[in-house]
Amino acid sequence: MRLKFLATVAIIFAIHVANAQDNLTSYLTLPQELTKNANAVIRLDETTVTVNATDDMEVSKKRIVTVLNENGLSKIQAGAGYDNSTSIKDLEARIYDKFGKQIKKIRERDFQDVSAVDGVTMYSDSRIKYMDYTPISYPFTVVFTSTVNYKTTANLPRFSPLSYYTGIQKSKYQITYPESLSLYKKELNLEEFGVVKIENPGKLIYVLDDVSGMKPEAYSPSEAKIKPQVYLALSKFTYEGISAEVKDWDETGKWIYDNLLLGRATVDAETKAAIENLVADATSDIEKARRIYEYMQGKTRYISVQVGIGGYQPIEAAEVDKVGYGDCKGLTNYMMALLKIAGIESYYTVVQSGSEIVNFYEDFATLGQGNHVILNLPNNGDDIWLECTSQKMPFGHIGDFTDDRNVLVVTPEGGQLKHTKKYATEENLQETTGNYTLDANGNIDAEVTIKTYGIQYDSRFYIEDFSDVEKDKRYKKYFYAVNNVNIDNIELQNDKKEVVFTEKVAFNADAYGVVTGDRLLFAPNAFNRISSIPDRYRNRKFPLEIQRGYQDVDSYEIKLPSDFKIEAMPDDVSYETKFGSYSFSIEQKDNQTLQFTRKITIKDGLYPKEEYSNYRKFIKKIVKYDSSKIVLVKK
């Protein structure tokens, strides 16, 4: 009897444990190993895509997220967009406390319903419903369910389960489709993460289980290169009632031109006359294009509407001309229309933008790879790229938002994959010249001129729009190697034609040099020091990628106090590695004058993860040499 009783108790306990483990709403059932490096854990992310026909697709989602802290709130992703071709059939969220007890139910009518682009009538059809919830404690769990019906199948949802600082308990993606259609797919990094694929006629499933949170690593490749992802596309699709059948980039581009662009790049007679007058005395097509670009920048403003939210078709150029604003699609199409008046060839170009370089895949054509639009001027084979959303960007300069990547250039004849400008290491140049006087108490008076080019220009030219207070704060922070900086004068010059930004700054500071008895110690490099050493990883997971190289060249004249002489000075340094090179030298011009020169070159490149420690050593040496000291002693 005792044995039967114990067996019965064991069975009841096992059932209770099994039920507890199935309860994904309770933090207590969360496998703790998944919380490592995580702000939230996706308990279940189930996406079911049902393609009934090329003009009828239903996407159902069930997403259960345990939020561990405030930084994990963005992982809930409880919301859905809709427009004339997209309808929400079901939307609900339930909130559970740490113990799995429901504390709130949010029905569709309780979701916030807002315009995708507030205050812009051209996009009034695009709206978003999202959950607005303020937690009272952590951890808590959200169960979000939605069903959305689409009349377009031009952009299938992709399988992209992972993001940084997020654990995954289970992620499942399932798509079913008529067997009369072909499903193209581009699979990336699935084996590395143990993604299971189940494929049958008309049905495809991907499953990922039990992945603890990942931390980003310094100088790791872009997420697109290292995380599991699957892009999907149908051989035939429908967009806004237009049927299509494309299999490569050429046909994709042709379809975009014929169905989304044709006839939309025209303006009225008044604007046509204004452009003709603007370029009447220009001596070259480049000069014409530059004038028109600056005209467009002065006439319009940019509104942010991601490709896909406002549809894939640009607003007509005549409408943009009338209202004076547009998204990237509308402004690019408008610029193309203005150039056409001047007889200048240009092409609408779709790109995956962002500071991380992401390429279009040559062997997989789909509308879903792009999130931005720019303009291509073929210029007899020497391509010029125009960023039409910026009122400040110089003509022909695209910066790190769209540089060095494959893009889809849309022509009347079809689509072409081209590569945007790659800024060479030497082009990404910063030149710093200056002088400073050091007095017997270690105080300095300094004047410095900084000129930046290429990508380095891109990270500086916006400073001219700062207020005086913002500029003062900015330069006090920039000259971090000098304490107690007082800014005396700031002069900025933005040469858009040559694409060079010049900063002239005069400042003084107390106690830059350290007085110890009869000696005065100071670092000759007062203006441009590297002080940050990349993080060390005992078990690095990803390769090392330096996406953009750059070069800094510095030259300073230093005046020493007259009652001191040099006791010790660092030896000249020059060394080179596969990652770049570094050198500095100090020349004594006379008893009271030194000339400091420094040059650092960082090369772009992709290296195995084992090389990261060597790169870190390279930077660590630079930090050491940049902070090296000169010792003066009283005469």
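Confirm whether K603 is within 24 Å of the chain's Cα centre (by Cα) and exposed (fewer than 13 other Cβ atoms within 10 Å of the Cβ).
no
Please name all residue pairs, on different chains or six or more residues apart, with Cβ atoms under 7 Å, provided the first residue is in segment 323-352 and is closer than 18 Å to N379 by Cβ and not assigned by TED's automatic domain parsing to the domain that holds P412 and the second residue is of a type outside the set (D, E) and at pLDDT 95 or above.
No pair meets every condition.
Assuming P534 fulfils every condition listed in (1) under 29 Å from V358 (Cβ atoms); (2) touching a Pro at 6+ places or on another chain (Cβ under 7 Å) apart from one, which condition is it?
All conditions pass for P534, except number (2).
Determine which single condition V305 fails, assuming it passes every other condition in (1) part of a helix (DSSP H, G or I); (2) among the aliphatic types (A, V, I, L, M); (3) in contact (Cβ under 8 Å) with a residue 40 or more places away in the chain.
Unmet for V305, out of (1) part of a helix (DSSP H, G or I); (2) among the aliphatic types (A, V, I, L, M); (3) in contact (Cβ under 8 Å) with a residue 40 or more places away in the chain: (1).
Let me confirm something: among D518, D510, which residue is exposed (fewer than 12 other Cβ atoms within 10 Å of the Cβ) and not aromatic (F, W, Y)?
D518
For segment 546-600, give me each residue that is among the aliphatic types (A, V, I, L, M) and part of a strand (DSSP E or B).
Listed by number, the residues that qualify are I546, V553, I558, I566, A568, V573, I586, L594, I600.
Residue-wise test of (1) buried (at least 20 other Cβ atoms within 10 Å of the Cβ); (2) touching a residue at least 40 places away in the same chain (Cβ under 8 Å); (3) outside any loop (DSSP other than H, G, I, E, B).
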residue: K392; (1), (2), (3): no, yes, no
residue: V410; (1), (2), (3): yes, yes, yes
residue: G415; (1), (2), (3): yes, yes, yes
residue: Q430; (1), (2), (3): yes, yes, yes
residue: T437; (1), (2), (3): no, yes, yes
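Tell me yes or no: at least one residue of segment 456-474 is exposed (fewer than 15 other Cβ atoms within 10 Å of the Cβ) and on the phi > 0 side of the Ramachandran plot.
No.
Check S124 against each of (1) out of contact with any Pro (no Cβ under 7 Å at 6 or more places or on another chain); (2) at pLDDT 95 or above; (3) surrounded by fewer than 18 Cβ atoms within 10 Å (Cβ to Cβ) and name the one condition it does not meet.
(2)
Take the residues of segment 570-592 that are farther than 18 Å from N435 by Cβ and of a type in the set (A, V, I, L, M, F, W, C): which is surrounded by the fewest Cβ atoms within 10 Å (Cβ to Cβ)?
Out of the qualifying residues, it is V573.
With (1) more than 18 Å from I566 (Cα to Cα); (2) basic (K, R); (3) surrounded by fewer than 19 Cβ atoms within 10 Å (Cβ to Cβ) as the list, and R598 as the residue in question, which single condition is left unmet?
Condition (3) is where R598 drops out.
Can you find, within segment 212-224, the residue that is surrounded by the most Cβ atoms within 10 Å (Cβ to Cβ) among those that are over 14 Å from the mean Cα position of the chain (by Cα) and more than 16 Å from D535 (Cα to Cα)?
In this case the residue turns out to be G213.
State all residues of segment 48-99 that are polar (S, T, N, Q), assigned to a loop (DSSP other than H, G, I, E, B) and closer than 25 Å to V117 by Cβ; if no residue qualifies, say none.
Q77, N84, S85
Of the numbered conditions (1) out of contact with any Lys or Arg (no Cβ under 8 Å at 6 or more places or on another chain); (2) in a strand (DSSP E or B); (3) closer than 30 Å to K236 by Cβ, Q174 fails exactly one; give the number of that condition.
Of everything listed in (1) out of contact with any Lys or Arg (no Cβ under 8 Å at 6 or more places or on another chain); (2) in a strand (DSSP E or B); (3) closer than 30 Å to K236 by Cβ, Q174 misses just condition (1).
Which residues, counting only those in segment 294-314, are within 25 Å of the chain's Cα centre (by Cα) and either surrounded by 19 or more Cβ atoms within 10 Å (Cβ to Cβ) or at pLDDT 85 or above (or both)? I'd like the intermediate steps shown before the answer.
Looking only at segment 294-314, we keep the residues that are within 25 Å of the chain's Cα centre (by Cα), and these are 297, 300-314.
Q297, T300, R301, Y302, I303, V305, V307, G310, G311, Y312, Q313, P314 - these are the residues of segment 294-314 that are within 25 Å of the chain's Cα centre (by Cα) and either surrounded by 19 or more Cβ atoms within 10 Å (Cβ to Cβ) or at pLDDT 85 or above (or both).
Could you check, for segment 530-547, whether at least one of its residues is at pLDDT 95 or above and either touching a Gly at 6+ places or on another chain (Cβ under 6 Å) or not assigned by TED's automatic domain parsing to the domain that holds K451 (or both)?
Yes, there is a match, as at least one residue in segment 530-547 is at pLDDT 95 or above and either touching a Gly at 6+ places or on another chain (Cβ under 6 Å) or not assigned by TED's automatic domain parsing to the domain that holds K451 (or both).
The values are calculated or read from the model by the stated rules, or taken from the named source; none is laboratory data. Remember, it's a predicted structure, so these values are computed and weren't measured experimentally. Because the Cβ atoms are built from the backbone with ideal geometry, glycine has one as well, and the counts that use them run over all protein chains shown.
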